[in-house]
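**Q** Supplied in structure tokens, the structure appears directly below.
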Amino acid sequence: MKAITLNRKHLCIPYAAFLILFVILPLLVVLYYAFTNATGEFTLENFISFFSNTNTIGTLFYSLALGIVTTVCCLLIAYPTAYLLARGKFKKRSVLLMLFVTPMWINFTLRITALKEILSLIEGNIAQYPFLNSVIGMTYDFLPFMILPLYTCLLKLDTSLLEAASDLGADKATVFLKVTLPLSVPGIVSGVTMVLLPSMTNYVVLDMLYNSTYIMGSLIGSYFSAYDWHNGSMIALILLVIIFLITLATNRFSDDESSSRGAIL
Amino acid sequence: MEEKNDTIIEMIDVTRQFDETTIAVDHVNLRIKKGEFVTLLGPSGCGKTTTLRMIAGFDLPTSGKILLNGKDISLLPPNKRPINTVFQRYALFPHLNVYDNIAFGLKLKRVVKKPGDKPQKLTKAEIDKKVKRALEMVDLAGFEKRSISTLSGGQQQRIGIARALVNEPEILLLDESLGALDLKMRKEMQIELKEMHRKLGITFIYVTHDQEEALTMSDTVVVMADGMIQQIGTPVEIYNEPNNVFVADFIGESNIYSGAMVGKRLVKFCGKQFPCLDDFEVGELVDIVVRPEDVKMTSPEQGQLRGKVISVVFKGVHYEITALVGKNEIVIQNTESRNVGDVIGICLTPDDIHIMKKTLLSNRYIGYITKKNTVAFGDGEFECDVTQLYPGSFLDEEGYLITKEGKRIDLTDTDVNVEVGLHDISMSDNPDEGGARGHIISIIYKGDHYAYIVRTEENEEDFVFDCEDLWNENDYVSLVIPKDKIKLSLVSAGEDEE
């Protein structure tokens, strides 16, 4: 009996080792670099310089704007799609879902290159609309990450709750607003978390679509390629804190709204 | 006219078909009186829940009409019906607290406050008052702010009832609403529901598979099976005068035997003649139901039947004694015990014997003759004697039928009526042994044998027959019918005669 429980515990060793080696240790390294200068002394200079520099603050806001617009676009497209997929009377539901998820199987540089060609056809010189193109590119790229959690959440939704609502006098719109929407908040939250961070940092999309504006990811990249580990780490740390705060806020929101915490990734 | 006003809901020839082969509700006619406590009772899959869902508006009838107070509501969405439902798994909104759950319907409601005014929303104070009253009614006063997930099953169901009743519906529907509760809680809630029904005076329609629950609570019980209504009556009527073997077997414990009328008010079963109250034609084959608590035990000399006790089980209030009379078993409930092996006398007064016309005397199908001169019917193919179609005919070497007159007939694809007796079918484990295959969907014990119904998968054809061996419900079996027991007649010939 004892041997079995020990064996079970042993199963988590690979994951724990991975976690320590590739998550916790690097985080500590980032933390160390963020609060030291080139000579290795403790300093808050990196922190101050980020918030006193209009360029970096501008980048932060540009990233936030890009991230939020992308997330909203994803949500607006993904929700109706997921709703139809989950609640519609389709016989081959899994096949349809697959159609929406298969783009993820294709290398994303290939997808963005294809998108670039399409956009050039429509817009001519695509460098003219950098923000719009970046939003389109990222929405295209991250849409499945929004659809999937929403789909699972809506699929789990108990039909008898919708019947109960209409039984109590709610018409179809009211049923949606008062029952379906509040109960799909966990799905929305988990979709938002999965889209917002990558769309604030994934500068490859911007590079490929000729958007030369820096976002948080490119900022970190540029510091690192100039061997400035300290400022780069500080920005990474700030980004981490921002994401943490957003997650915390949305988690609390969904806790208020619903008791199902499991859906949050 | 008086009677017409009395009816709150009426189902006229209502059918609900899900796809070509699944008919959940089959031409149901039902009239429910205002203020009645009606229970739809039946085994799972009998169509009782679908019937309820059509009254609620969650499901629409494929054909037929549902009238509420004389108005056709068949196609009205649920939110437009003055009917509320208490769901089986409560279906409380997890994102709302107790107060908001109960107030859900009230917040959407528009009422005409003064005659001539436009319908208005209820004020906050009015809603508060109603919610409070509803909570008091279900004994959960003070629970307003509680979250749904902190409530026990019983409390959740009370909230479910309060949420429905607060809207003051004309009809309250309860879909196996006590099914998820434990036995003790269920008994309590049964009494409370009955009490609420008495106080409120509105119509309750309750769906359950629990016959005891149905008998305890209802004014009227509607027994359903296979999408059809088997019997409508008061609990006493249903129990004492079951319409058919199914109802008798489903409601309460019963001894069911096959017998025949042998004289005026004289029935023969278990090898003995008994005087009875029901009047059927002499010679008619009948089913006989005897309730175990009606069987009287006497000394062996005094009894009409003599039996040997083969088992005694203590059941709390009474003993359940099983005795063997010849080949038949009889179950007796009595407060007195006997020992296994005792020889007892058994006495049945005319009052204790309930007689029903046999529902089915033989299996009838329409089939056709195949190339191999076998007959295909009931989702299967059986060896048969095709020469019976033409008296005096015989088969030649090539498989053609030569009639008495010497005419040569190719029978392939000829449509025929097929008749198979109740005693002529047997079952086998080996799927290839019999001509058709299906699952056992019903077993009814008849004293010395069992009455079986086997249903095929493809077209849901039923084979009804008696067999002495006990199988299990849902067993997959193949059906063996001896060649000479399949009676064939030509379809066209039969029609010509009529």
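**Q** Restricting to region B:222-239, name every residue that is without any contact (Cβ under 8 Å) to a residue 12 or more places away in the chain and either crowded, with 20+ Cβ neighbours inside 10 Å or not charged (D, E, K, R) (or both). Spell out how you get there, then give the answer.
**A** To start, the set of residues in region B:222-239 that are without any contact (Cβ under 8 Å) to a residue 12 or more places away in the chain comprises B:236-237.
Once the filter is applied, which keeps residues that are without any contact (Cβ under 8 Å) to a residue 12 or more places away in the chain and either crowded, with 20+ Cβ neighbours inside 10 Å or not charged (D, E, K, R) (or both), region B:222-239 yields only B:V236.
**Q** For the subset of region A:160-205 comprising residues that are more than 9 Å from chain B (Cβ to nearest Cβ) and free of Cβ contacts under 8 Å to residues at least 12 places away in the same chain, which member is farthest from the chain's Cα centre (by Cα)?
**A** Among those residues, the one meeting the criterion is A:A173.
**Q** Given the criterion touching a Pro at 6+ places or on another chain (Cβ under 8 Å), surrounded by fewer than 20 Cβ atoms within 10 Å (Cβ to Cβ) and of a type in the set (S, T, N, Q), identify the matching residue among B:T62, B:T15, B:T7, B:T22.
**A** Unique residue meeting the criteria: B:T15.
**Q** Of everything in region A:121-150, what is open to solvent by 20 Å² or more (accessible area, probe 1.4 Å) and either aromatic (F, W, Y) or more than 27 Å from the chain's Cα centre (by Cα) (or both)? Give them in sequence order.
**A** Within region A:121-150, A:L121, A:I122, A:E123, A:G124, A:N125, A:Y129, A:F131, A:Y140, A:F145 qualify.
**Q** Considering only region B:101-125, how many residues are more than 40 Å from the chain's Cα centre (by Cα) and in contact (Cβ under 8 Å) with a residue 12 or more places away in the chain?
**A** 2
**Q** Shifting gears a bit: Which condition number does A:T102 fail, the rest of (1) farther than 15 Å from A:V195 by Cβ; (2) crowded, with 20+ Cβ neighbours inside 10 Å being met?
**A** (2)
**Q** If we only count strands (runs of 3 or more DSSP E) wholly inside region B:294-360, which ones have 3 or more residues that are closer than 24 Å to B:D466 by Cβ?
**A** It comes to B:305-314, B:319-325, B:328-334, B:354-357.
**Q** A further question on this structure: Looking only at residues in region B:137-156 that are within 37 Å of the chain's Cα centre (by Cα) and more than 13 Å from chain A (Cβ to nearest Cβ), which one is most open to solvent (accessible area, probe 1.4 Å)? Spell out how you get there, then give the answer.
**A** Filtering region B:137-156 for residues within 37 Å of the chain's Cα centre (by Cα) gives B:137-140, B:148-149, B:151-156.
With more than 13 Å from chain A (Cβ to nearest Cβ) added as a condition, the list becomes B:137-140, B:152-155.
Working: B:M137: 70, B:V138: 1, B:D139: 111, B:L140: 8, B:S152: 53, B:G153: 28, B:G154: 5, B:Q155: 47 Å².
Only one residue fits best here, namely B:D139.
**Q** OK, next. Return yes or no: is B:E405 open to solvent by 70 Å² or more (accessible area, probe 1.4 Å), under 23 Å from B:I486 (Cα atoms), of a type in the set (D, E) and assigned by TED's automatic domain parsing to the domain that holds B:L488?
**A** When the stated conditions are applied, B:E405 does not pass them.
**Q** Of the conditions (1) over 17 Å from the mean Cα position of the chain (by Cα); (2) open to solvent by 20 Å² or more (accessible area, probe 1.4 Å); (3) among the hydrophobic types (A, V, I, L, M, F, W, C); (4) within 14 Å of chain B (Cβ to nearest Cβ), A:M208 clears all except one; give me its number.
**A** Failing condition for A:M208: (4).
**Q** Which ones in region B:60-105 are under 19 Å from B:T203 (Cα atoms), more than 14 Å from every other protein chain (Cβ to nearest Cβ) and touching a helix residue (DSSP H, G or I) at 6+ places or on another chain (Cβ under 7 Å)?
**A** Scanning region B:60-105 gives a single hit, B:I66.
**Q** Filter region B:457-480 for residues that are buried (at least 16 other Cβ atoms within 10 Å of the Cβ) and modelled with pLDDT under 85 and give the result. Steps first, answer last, please.
**A** Within region B:457-480, the first condition is being buried (at least 16 other Cβ atoms within 10 Å of the Cβ), and the residues that meet it are B:461-467, B:477-480.
Residues satisfying the conditions are B:E461, B:D462.
**Q** Could we say that B:T387 is of a type in the set (S, T, Y), outside the structural domain of B:V286 (by TED's automatic domain parsing) and assigned to a loop (DSSP other than H, G, I, E, B) here?
**A** Taking the combined requirement at face value, the residue does not satisfy it.
**Q** Looking at region B:368-388 only, could you name the residues that are crowded, with 20+ Cβ neighbours inside 10 Å and in contact with a helix residue (DSSP H, G or I) (Cβ under 9 Å, 6 or more places away or on another chain)?
**A** Residues satisfying the conditions are B:I369, B:V375, B:F382, B:C384.
Conditions tested, residue by residue: (1) touching a Leu at 6+ places or on another chain (Cβ under 8 Å); (2) of a type in the set (F, W, Y); (3) on the phi < 0 side of the Ramachandran plot.
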site	(1), (2), (3)
B:E383	no, no, yes
B:Y390	yes, yes, yes
B:E397	no, no, yes
B:R408	yes, no, yes
B:D413	no, no, no
B:V418	yes, no, yes
B:M427	yes, no, yes
B:G435	yes, no, yes
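**Q** With respect to the numbered conditions (1) modelled with pLDDT of 90 or more; (2) outside any helix (DSSP H, G or I), which one is the sole condition not fulfilled by A:I136?
**A** Tallying (1) modelled with pLDDT of 90 or more; (2) outside any helix (DSSP H, G or I), A:I136 fails exactly one: (2).
**Q** Could I ask something else about it? Can we say B:D294 is at pLDDT below 90 and under 25 Å from B:E237 (Cα atoms)?
**A** no
**Q** Still on this structure, I have one more. Of (1) under 24 Å from B:P43 (Cα atoms); (2) free of Cβ contacts under 8 Å to residues at least 24 places away in the same chain; (3) not polar (S, T, N, Q), B:D219 satisfies all except one. Which?
**A** Looking at each condition in turn, B:D219 falls short on (2).
**Q** Restricting the search to region B:86-108, which residues are more than 17 Å from B:R158 (Cβ to Cβ) and surrounded by 19 or more Cβ atoms within 10 Å (Cβ to Cβ)?
**A** B:H95, B:L106
**Q** Mind telling me which of the residues B:P115, B:P119, B:P169 ends up being assigned by TED's automatic domain parsing to the domain that holds B:E36, of a type outside the set (S, T, Y) and surrounded by 13 or more Cβ atoms within 10 Å (Cβ to Cβ)?
**A** On the way: B:P115 fails: surrounded by 13 or more Cβ atoms within 10 Å (Cβ to Cβ); B:P119 fails: surrounded by 13 or more Cβ atoms within 10 Å (Cβ to Cβ).
So the residue among B:P115, B:P119, B:P169 that is assigned by TED's automatic domain parsing to the domain that holds B:E36, of a type outside the set (S, T, Y) and surrounded by 13 or more Cβ atoms within 10 Å (Cβ to Cβ) is B:P169.
**Q** Six or more apart or on different chains, Cβ under 8 Å: which pairs go from a residue in region A:23-36 that's closer than 13 Å to A:I235 by Cα to one that's not in a helix (DSSP H, G or I)? Could you list them?
**A** From residues that are closer than 13 Å to A:I235 by Cα, the pairs are A:F35/A:F42; A:F35/A:T43; A:F35/A:L44.
**Q** I've got another one for you. Within region B:344-366, is there a residue that is open to solvent by 10 Å² or more (accessible area, probe 1.4 Å), more than 30 Å from B:E284 (Cα to Cα), at pLDDT 90 or above and over 28 Å from the mean Cα position of the chain (by Cα)?
**A** no
**Q** Follow-up question, since we're still on this one. Is it fair to say B:I12 is over 27 Å from B:L165 (Cβ atoms), more than 14 Å from every other protein chain (Cβ to nearest Cβ) and not small (G, A, S)?
**A** Yes; evaluated as a whole, the condition is true for this residue.
**Q** Then there is this: Working carefully through the options A:T81, A:T70, A:T36, A:T54, find the one that is open to solvent by less than 40 Å² (accessible area, probe 1.4 Å) and over 21 Å from A:Y140 (Cα atoms).
**A** A:T36
**Q** Report yes if B:K129 is basic (K, R), outside any loop (DSSP other than H, G, I, E, B) and surrounded by fewer than 22 Cβ atoms within 10 Å (Cβ to Cβ), otherwise no.
**A** yes
**Q** Can B:V454 be described as touching a helix residue (DSSP H, G or I) at 6+ places or on another chain (Cβ under 7 Å), at pLDDT 80 or above and open to solvent by less than 30 Å² (accessible area, probe 1.4 Å)?
**A** no
The values are calculated or read from the model by the stated rules, or taken from the named source; none is laboratory data. Owing to the predicted nature of the structure, the values given are computational and were not obtained by experimental measurement. With ideal geometry, Cβ positions are generated from the backbone for all residues, glycine too; neighbour counts draw on all protein chains shown. Heads up: the accessible areas ignore ligands, DNA and RNA and are worked out on the full protein's heavy atoms, side chains in. Shrake-Rupley method; radii C 1.70, N 1.55, O 1.52, S 1.80 Å.
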